[in-house]
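A quick write-up on the structure given underneath.
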Amino acid sequence: TKPTHLTILNQDYPTDHKTNITPTIISKLPIRLHTQRSHPLSTIRSLIESHYPTFSHLSSFSPLVTPYQNFDSLAFPVDHPGRSVTDSYYINEGLMLRTHTSAHEVEVFAKGEDRWLLTADVYRRDEIDASHYPVFHQMEGARIFEASPSGMKEVEDDNARLASHLAKSNIVIEDIPHLSPTNPVQPLHDPKHSEAVALNLKLSLNSLLLELFGGVAGVSKEDPLRVRWIEAYFPFTSPSYEVEVFFRGKWLEILGCGVVAQSTLDSAKIANKLGWAFGLGLERMAMILFQIPDIRLFWSTDPRFLSQFSHGKITTFQPYSIHPANWKDVSFWLPHSEKQKATMHDNDFCDLVRDVVGDLVEDVKLVDQFTHPKTNRQSLCYRINYRSMDKPLTNAEVNDHQSRVKAQLKEQFRVEIR
Ligand code: PHE
């Protein structure tokens, strides 16, 4: 039942055994929220771009990339789980949707850019809840220096400039050492160079966070914004870090970063340089800064949402409606499979629900799972929470969505509804 070709962004592509991109996802590709004037994601993009006025500002790279661009050029191991069809969307074996903006590092560095920001929509198969959506937006930022005394002088001068700009503010930053046994310098790097570059990365991002979060409602001397640096691991940086912001009682991860792997710069044919890169989640940032409670709202075309924002300004979102939630369970037997193993991944179920009911689904949870002791068949029960951002849902509507989910489940996965 798979079509032999798919039309994506006005081009035809052959499908194959890896194809798993869905109609819902294909419909998102042309939207490019980060370029829609006065949309919160576009405002965050332009505020960050203004903070880095000497950087190139890129935002029109195609979301279709090769697995080489997305993974191999960044030293991802061949068995990395991100490569699997349960985690990423494939058009076919040779083409996929980028899962992160880092997929463009090699080509941008190879063009000779030495300081740049690149904003784009990225795609990951995931669960459904208020902070996860299969499409989101990232900004990649990078800066490279000559690996020479003059290059290092440039880093040190910039570090001095940034440190003096980081004035006292209502933000508390928890820092960690630049290098450690678990977050090591790369074998080809002089530790002094690596530390200077890591410091440049931290100072650059701290000054960005100070600027973006410093003026936000609810941040004061008594209740300062808290930012923390933690050790991280990425195949394409070392040392690596994550930055989290404390918001509404929780630490939220907003970016990953580190000193760029020398193998990435070698692929870009700039082996004599070293530098840093970061990848920042725009929705996370916007949810905090505008106080937007649900990630689906970014896709709303309701004037009650869109008319609240003006370009370049951070304002507090006023919720215009909170309609009641409607829970429905669906239980079913999976068909007998050869190895008696589940034939459906959580992410398959979530993509199916998105295709059938769109953004009316707020949350999906697997609430029960067991194997029949005699027949060995597997039973699953998922709970779907329906809630519209725009209007109350009637019982009849919810029941209708639920029966279409059941019909599609039978059709696509040959399940037996219980
Ligand atoms: N691409 C990483 C992610 O999506 C973030 C990152 C970017 C990390 C650049 C290091 C350097 O999680």
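The values are calculated or read from the model by the stated rules, or taken from the named source; none is laboratory data. What you see is a predicted model; the values in this text were computed from it and never measured. Positions of Cβ are generated from backbone atoms using ideal geometry, with glycine treated the same way; all protein chains shown enter the neighbour counts. Ligands, DNA and RNA are excluded from the accessible area calculation, which covers all protein heavy atoms including side chains. Shrake-Rupley method; radii C 1.70, N 1.55, O 1.52, S 1.80 Å.
Within the range 224-264, restricting attention to residues that are open to solvent by 10 Å² or more (accessible area, probe 1.4 Å) and of a type in the set (F, W, Y), which residue is farthest from F145 (Cα to Cα)? Across the range 224-264, the extreme among qualifying residues is F247.
Condition check: touching a Lys or Arg at 6+ places or on another chain (Cβ under 6 Å) and not hydroxyl-bearing (S, T, Y). Does F246 satisfy that?
Taking the combined requirement at face value, the residue satisfies it.
Quick one: would you say D266 is over 23 Å from the mean Cα position of the chain (by Cα), over 30 Å from V415 (Cβ atoms) and free of Cβ contacts under 8 Å to residues at least 24 places away in the same chain? Considered against the rule, which asks whether it is over 23 Å from the mean Cα position of the chain (by Cα), over 30 Å from V415 (Cβ atoms) and free of Cβ contacts under 8 Å to residues at least 24 places away in the same chain, D266 comes out as yes. As a summary of the residue check, S388 satisfies the conditions (1) open to solvent by 40 Å² or more (accessible area, probe 1.4 Å); (2) in contact with a helix residue (DSSP H, G or I) (Cβ under 8 Å, 6 or more places away or on another chain) except for the one numbered (1).
For the range 1-103, give me every one of the helices (runs of 4 or more DSSP H) that falls completely inside it and has 1 or more residues that are in contact (Cβ under 8 Å) with a residue 24 or more places away in the chain and touching a Ser or Thr at 6+ places or on another chain (Cβ under 9 Å).
Where helices (runs of 4 or more DSSP H) fall fully within the range 1-103 and carry at least 1 residues being in contact (Cβ under 8 Å) with a residue 24 or more places away in the chain and touching a Ser or Thr at 6+ places or on another chain (Cβ under 9 Å), they are 40-51, 67-70.
How many residues does the range 391-418 contain that are open to solvent by 70 Å² or more (accessible area, probe 1.4 Å) and closer than 14 Å to M344 by Cα? Here the count works out to 5. For the range 273-317, filtered to residues that are free of Cβ contacts under 8 Å to residues at least 24 places away in the same chain and in a loop (DSSP other than H, G, I, E, B), the residue that is nearest to the chain's Cα centre (by Cα) is T301. Considering the range 305-320, the residues that are more than 18 Å from V216 (Cα to Cα) and modelled with pLDDT of 95 or more include one that is least open to solvent (accessible area, probe 1.4 Å), namely F305.
Annotation: Y123 fulfils all but one of (1) open to solvent by 10 Å² or more (accessible area, probe 1.4 Å); (2) touching a Pro at 6+ places or on another chain (Cβ under 7 Å); the unmet one is (1).
When L97, L117, L162 are screened for being of a type outside the set (V, I, T), open to solvent by less than 60 Å² (accessible area, probe 1.4 Å), within 15 Å of the ligand (Cβ to nearest atom) and closer than 24 Å to L274 by Cα, only L117 passes.
Of the residues in the range 333-346, at least one is under 23 Å from the mean Cα position of the chain (by Cα), more than 30 Å from E113 (Cβ to Cβ) and more than 16 Å from the ligand (Cβ to nearest atom).
Being within 16 Å of the ligand (Cβ to nearest atom), buried (at least 16 other Cβ atoms within 10 Å of the Cβ) and in a strand (DSSP E or B), is that true of even one residue in the range 207-223? No, every residue in the range 207-223 fails to be within 16 Å of the ligand (Cβ to nearest atom), buried (at least 16 other Cβ atoms within 10 Å of the Cβ) and in a strand (DSSP E or B).
Return yes or no: is S267 open to solvent by 20 Å² or more (accessible area, probe 1.4 Å), of a type in the set (S, T, N, Q), away from the ligand (no atom under 14 Å from the Cβ) and within 28 Å of E146 (Cβ to Cβ)? Yes; evaluated as a whole, the condition is true for this residue. Of the listed requirements (1) without any contact (Cβ under 8 Å) to a residue 24 or more places away in the chain; (2) part of a helix (DSSP H, G or I); (3) of a type outside the set (S, T, N, Q), V108 misses just one: (1).
Name the single residue that is farthest from K313 (Cα to Cα) among those in the range 275-289 being among the hydrophobic types (A, V, I, L, M, F, W, C) and within 14 Å of the ligand (Cβ to nearest atom).
W276
Residues that are closer than 19 Å to G358 by Cα and part of a loop (DSSP other than H, G, I, E, B) were ranked within the range 111-126; the one that is modelled with the lowest pLDDT is D126. The criterion of being of a type in the set (G, A, S) and closer than 15 Å to I128 by Cβ holds for S388. Among the conditions (1) outside any helix (DSSP H, G or I); (2) away from the ligand (no atom under 16 Å from the Cβ); (3) surrounded by 14 or more Cβ atoms within 10 Å (Cβ to Cβ), the only one that H178 does not satisfy is (2). Taken together, D129, D87 contain a single residue that is closer than 19 Å to I295 by Cβ, acidic (D, E), modelled with pLDDT under 95 and open to solvent by 10 Å² or more (accessible area, probe 1.4 Å), which is D129. Within the range 228-244, being in contact with an Asp or Glu (Cβ under 6 Å, 6 or more places away or on another chain) and away from the ligand (no atom under 11 Å from the Cβ) holds for R228, W229, I230, E244. Among the residues of the range 53-80, write down those that are over 23 Å from T24 (Cβ atoms), within 16 Å of the ligand (Cβ to nearest atom) and not aromatic (F, W, Y). Matches in the range 53-80: L58, Q69, D72, S73, L74, A75, P77, H80.
Can you name the residue in the range 245-261 that is part of a strand (DSSP E or B) and at pLDDT 95 or above and is also farthest from the ligand (Cβ to nearest atom) among such residues? Break it down stepwise before answering.
Of the residues in the range 245-261, the ones part of a strand (DSSP E or B) are 245-247, 250-260.
Applying the additional criterion that residues be at pLDDT 95 or above yields 255-260.
Values: L255: 7, G256: 3, C257: 5, G258: 5, V259: 9, V260: 7 Å.
Per the stated criteria, the residue is V259.
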